[in-house]
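Colleague: Submitted below is the structure of interest, expressed as C-alpha cells.
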Amino acid sequence: MNNSIILSPDRITEANSFYEKLKRTMPRTKTDLKNYLKVFLNLNIGDTRICDGHNTPMDYLWHCYNSDFDGSTNGDCIVWAGRGGGKTLIAAAATLLDCIFKPNCKVRILAGSESQAQRMYDYLLGFLRDGFEDFLSGSVRKDRCSFLNGSDVEVLTQSAASVRGSHIQKLRCDEIELFDRQILEAAKFVTKSTDKIIGAMESLSTMHQPFGIMHELVDKAQAGGIPIFKWCVWEVIEKCQPERSCSRCPLNGDCQGRARKADGYLKIDDCISQMRRSSRAAFESEMLCARPSLENVVFAEFNPDIHIAPIEYNPDLPLYRAIDFGFVNPFVCLWIQIDGNSTVKVIDEYIKSRMTIDTHADEIKNRMPGGEERVVATFCDPAGAGVNDVTGTSPVWQLKQAGVKLRYKRSSILEGVELIRRALRSGDGKSNLIISPRCGRLIEAMQCYHYPPTGSIELPLKDGVYDHPIDALRYFFVNYNSSGAAKSRKY
C-alpha cells in the first residue's frame, strides 16, 4: 500500500511560498535561531554544556546575532575553542545572519592567514548557494559579495593598508593567535557602530601558547568584562551510543561519560585517531582546551598547584630583595625569604614603569615591616652600575644615595635560568620555590617566559614583558648561590 502524499501544483507553490517567507522571518529567540539554522542551513549547532565553566557554540552564535537587538552596548567577544570545534563554520553562519537580518551591515573577515580567511568566506558562499542567492546583489567575487539590503562582506588581507582602510560594523578575526601584532593593533580601531548595529570585534582561536596573542586577549577580556565563549571537544562531539564500551574506549580517561550527554557533530572515531597521532600535551591544548601547549616555554616545570601558595612575611626568616632596573621597561623588585628547609619564598613584588629611581626607593624601603634594617641583602642587575653619559650617575648609585645598599654578580642568563629550574624541581623531584598569589606579574612570567619560535632556542626571548620579573628572580638565585662571590660595591 502506497501511503505517499501527492501534492497538487498549487499546494506545492503554496508550500514553497511559505518556506521562502519563513526564510526571511527574523528569529526572535535562541530556540528559533537554532531551528532556523537546522532548517535552512542544515546546521545542528551544539547547545549542550558538558564541562564546568564552558559554553556552547550556540551561546556564541546567539551573542553575535542578538547583541544588536537586546540593547547591548558592546558586541565584542572572544571565542576559545579546540581544533575541529567549528569556530570558522559558525562564524560564517553568524556572517550570513548579520547580512540578511541587519540591513547595511558591513562585515569583514580577517584571519591569521589568507587561506584561513578564505575558508570562512567559502563557508559563507556555500550557504548562499544553498538557497540564499535571492538575497544577493550583483555578482559574487572571490573575496567580496553584496546583499540587496545594503549589507556586504569582504575578506581582508594581513596588511596595514587593507585593515586601516576599513570602517565597518563587524570584524571577525579567525585564528587570531597567528596574527601579526601590528595588524592586530590596527584592527582594534576599524569597527564603527550605527544607530541600529553595534560595532563589534570577534577574536577566534585555539590557545596554542601561554605567551601568545590569544592568552593576552583572554586575560584582558576577563579583566574588562568582555564575554569569553569557551568550548572543547565534548561540546561538539557526537552523542556516544550505548553499544560503545567506555572501559574499552581510548577516550575514556578524558571523557568519563561526557560524550553520552553530547549532541554535536564531531565523529568519535575521528577524535580517537587524532588523540593517537598527537602528543598528550598537544591533545590537551588543541582538543580539550585544558591548557596551552608548553612547547617553547622556558619553565615547563612550573606548576601552579605546587609553586603558588599563600605566604606572608615571617620576621624570624632572613629577608632579601632582587631588582631589575627599567624606565620604559618596568622596574621590578621582589621580596624573598628562605626557610630552614632552603625553600625560596617570593612573598611580594613591585613592578612599575616610567617612574624615577627616588620614587622606587621610597616604595621598596617602606614595603616591609622594619624597613631597611630587616633586609639582609638586595641583589640587582649588574648593568645598573653603568654610568649614564648625561647624568653622570647610575641607578645603583642613586639607590645607594637613598639608603638602599646593593650587591651584584655578573652571570649568564642560562646560569640563572638553570638555578630557577633547579628550585622548581631538583633532580630528586623536590621543589624549593613558592610564590605568593600577590605576585601576579611574576607568576604570569613563570608561565609565559619563552624561547623564540624560530631560529636558535638557546636563549629565552627578551620580549620586554615577561623577561623582567624573571631577570629579577635570576639575580637573586645567582647572588644567593654564589657562596660569597657577590660583592658590596662602593660608589
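The values are calculated or read from the model by the stated rules, or taken from the named source; none is laboratory data. As the structure is a computational prediction, the values presented were derived from the model and not from experiment. Glycine gets a Cβ as well: all are built from the backbone with ideal geometry, and neighbour counts include every protein chain shown.
Colleague: Could you run through the stretch 102-123 and say how many residues are within 18 Å of ILE176 (Cα to Cα) and of a type outside the set (A, V, I, L, M, F, W, C)?
Modeller: Total satisfying the criteria: 9.
Colleague: Oh, and also: Return yes or no: is ILE109 assigned by TED's automatic domain parsing to the domain that holds PHE40, closer than 26 Å to ILE50 by Cβ, β-branched (Val, Ile, Thr) and not in a helix (DSSP H, G or I)?
Modeller: On the way: assigned by TED's automatic domain parsing to the domain that holds PHE40: yes; closer than 26 Å to ILE50 by Cβ: no; β-branched (Val, Ile, Thr): yes; not in a helix (DSSP H, G or I): yes.
Considered against the rule, which asks whether it is assigned by TED's automatic domain parsing to the domain that holds PHE40, closer than 26 Å to ILE50 by Cβ, β-branched (Val, Ile, Thr) and not in a helix (DSSP H, G or I), ILE109 comes out as no.
Colleague: Moving on to the next point. Quick one: in the stretch 282-333, which of the residues that are of a type in the set (Val, Ile, Thr) and surrounded by fewer than 15 Cβ atoms within 10 Å (Cβ to Cβ) is modelled with the lowest pLDDT? Before the answer, list the steps.
Modeller: In the first step, residues of the stretch 282-333 are kept if they are of a type in the set (Val, Ile, Thr); the result is 297-298, 306, 308, 311, 323, 328, 332.
Add one more test, that the residue is surrounded by fewer than 15 Cβ atoms within 10 Å (Cβ to Cβ), and what stays is 306, 328.
Values: ILE306: 95, VAL328: 90.
Checked the stretch 282-333; the qualifying residue modelled with the lowest pLDDT is VAL328.
Colleague: Pairs needed: first member in the stretch 235-250, closer than 21 Å to ALA290 by Cα; second member anywhere, of a type in the set (Phe, Trp, Tyr) and surrounded by 12 or more Cβ atoms within 10 Å (Cβ to Cβ); C-beta distance under 8 Å; at least 6 residues apart or different chains.
Modeller: VAL236/TYR265; GLU238/TYR265
Colleague: Kindly provide the set of residues from the stretch 38-63 that are at positive phi and touching a strand residue (DSSP E or B) at 6+ places or on another chain (Cβ under 9 Å), ordered by number.
Modeller: Answer for the stretch 38-63, where residues must be at positive phi and touching a strand residue (DSSP E or B) at 6+ places or on another chain (Cβ under 9 Å): just GLY53.
Colleague: Also, I was wondering about something else. Just to be sure, is TYR65 in a helix (DSSP H, G or I), farther than 21 Å from LEU22 by Cβ and in contact with a helix residue (DSSP H, G or I) (Cβ under 6 Å, 6 or more places away or on another chain)?
Modeller: When the stated conditions are applied, TYR65 does not pass them.
Colleague: Could you count how many residues in the stretch 227-245 are within 16 Å of ILE50 (Cα to Cα) and surrounded by fewer than 16 Cβ atoms within 10 Å (Cβ to Cβ)?
Modeller: 1
Colleague: State whether the residues of the stretch 366-378 include one that is closer than 24 Å to VAL465 by Cα, assigned to a helix (DSSP H, G or I), of a type in the set (Ser, Thr, Tyr) and more than 29 Å from the chain's Cα centre (by Cα). Outline the logic, then answer.
Modeller: Kept after step one, since they are closer than 24 Å to VAL465 by Cα, are these residues of the stretch 366-378: 367, 378.
Next, only the ones that are assigned to a helix (DSSP H, G or I) stay: none.
So far as the stretch 366-378 goes, no, none of its residues is closer than 24 Å to VAL465 by Cα, assigned to a helix (DSSP H, G or I), of a type in the set (Ser, Thr, Tyr) and more than 29 Å from the chain's Cα centre (by Cα).
Colleague: Go through (1) surrounded by 12 or more Cβ atoms within 10 Å (Cβ to Cβ); (2) in the same structural domain as ALA92 (by TED's automatic domain parsing); (3) of a type outside the set (Phe, Trp, Tyr) one by one and return the number of the condition LYS220 breaks.
Modeller: Only one criterion in (1) surrounded by 12 or more Cβ atoms within 10 Å (Cβ to Cβ); (2) in the same structural domain as ALA92 (by TED's automatic domain parsing); (3) of a type outside the set (Phe, Trp, Tyr) is unmet by LYS220, namely (1).
Colleague: Right, another one. Just wondering, is there one or more residues in the stretch 262-275 that are in contact with a Ser or Thr (Cβ under 7 Å, 6 or more places away or on another chain), surrounded by 13 or more Cβ atoms within 10 Å (Cβ to Cβ) and not assigned by TED's automatic domain parsing to the domain that holds PHE477?
Modeller: Among the residues of the stretch 262-275, at least one is in contact with a Ser or Thr (Cβ under 7 Å, 6 or more places away or on another chain), surrounded by 13 or more Cβ atoms within 10 Å (Cβ to Cβ) and not assigned by TED's automatic domain parsing to the domain that holds PHE477, which makes the answer yes.
Colleague: Right, something else. Search the stretch 344-358 for residues that are in the same structural domain as GLU312 (by TED's automatic domain parsing) and pair each with any residue that is outside any loop (DSSP other than H, G, I, E, B) and of a type in the set (Phe, Trp, Tyr) when their beta-carbon atoms are under 6 Å apart and the residues are at least 6 apart or on different chains.
Modeller: If the second residue must be outside any loop (DSSP other than H, G, I, E, B) and of a type in the set (Phe, Trp, Tyr), the pairs left are ILE347/TRP335; ASP348/TRP335; LYS352/PHE331.
Colleague: Let me ask another. Considering each residue of the stretch 37-54, count those that are crowded, with 18+ Cβ neighbours inside 10 Å and among the aromatic types (Phe, Trp, Tyr), and give that number.
Modeller: Summing the residues that are crowded, with 18+ Cβ neighbours inside 10 Å and among the aromatic types (Phe, Trp, Tyr) in the stretch 37-54 gives 0.
Colleague: Which residue out of ASP316, ASP324, ASP305 is of a type outside the set (Phe, Trp, Tyr) and closer than 19 Å to PHE379 by Cα?
Modeller: ASP324
Colleague: For the stretch 270-295, which positions are touching a residue at least 40 places away in the same chain (Cβ under 8 Å) and of a type in the set (D, E, K, R)?
Modeller: ASP270, GLU286, ARG291, GLU295
Colleague: Any residue in the stretch 426-452 that is farther than 17 Å from LEU334 by Cα and in the same structural domain as VAL465 (by TED's automatic domain parsing) sitting within a Cβ distance under 9 Å of a residue that is loosely packed, with under 14 Cβ neighbours inside 10 Å and aliphatic (A, V, I, L, M)? List the pairs, counting only those 6 or more apart or interchain.
Modeller: SER431/ILE306; TYR451/ILE457; TYR451/LEU459; PRO452/LEU459
Colleague: Condition (residue is charged (D, E, K, R) and free of Cβ contacts under 8 Å to residues at least 60 places away in the same chain) applied to the stretch 399-411: is it met by at least one residue? Outline the logic, then answer.
Modeller: Filtering the stretch 399-411 for residues charged (D, E, K, R) gives 400, 405, 407, 409-410.
If we keep only those that are free of Cβ contacts under 8 Å to residues at least 60 places away in the same chain too, we end up with 410.
The answer is yes, given that some residue of the stretch 399-411 is charged (D, E, K, R) and free of Cβ contacts under 8 Å to residues at least 60 places away in the same chain.
Colleague: Would you point out which residue out of CYS289, CYS232, CYS271 is more than 16 Å from the chain's Cα centre (by Cα) and of a type outside the set (Val, Ile, Thr)?
Modeller: Exactly one residue qualifies, and that residue is CYS271.
Colleague: Determine whether the stretch 350-358 contains at least one residue that is under 28 Å from ASN432 (Cβ atoms), buried (at least 20 other Cβ atoms within 10 Å of the Cβ), under 39 Å from the mean Cα position of the chain (by Cα) and not basic (Lys, Arg).
Modeller: No, the stretch 350-358 has no match at all.
Colleague: Then there is this: Would you pick out the residues in the stretch 342-365 that are in contact with a Leu (Cβ under 7 Å, 6 or more places away or on another chain), over 21 Å from PRO318 (Cβ atoms) and of a type in the set (Val, Ile, Thr)?
Modeller: Passing the criteria: only ILE357.
Colleague: Hey, another quick one. Limited to the stretch 412-425, what total is found for residues that are of a type outside the set (Gly, Ala, Ser), in contact (Cβ under 8 Å) with a residue 60 or more places away in the chain and within 30 Å of ILE357 (Cα to Cα)?
Modeller: Looking only at that region, the number is 5.
Colleague: Pairs needed: first member in the stretch 119-132, free of Cβ contacts under 8 Å to residues at least 40 places away in the same chain and within 11 Å of LEU96 (Cβ to Cβ); second member anywhere, surrounded by fewer than 18 Cβ atoms within 10 Å (Cβ to Cβ) and of a type in the set (A, V, I, L, M); C-beta distance under 9 Å; at least 6 residues apart or different chains.
Modeller: LEU125/VAL140; LEU128/LEU136; LEU128/VAL140
Colleague: Taking the conditions exactly as written (surrounded by 15 or more Cβ atoms within 10 Å (Cβ to Cβ), part of a loop (DSSP other than H, G, I, E, B) and β-branched (Val, Ile, Thr)), does ILE78 satisfy them or not?
Modeller: no
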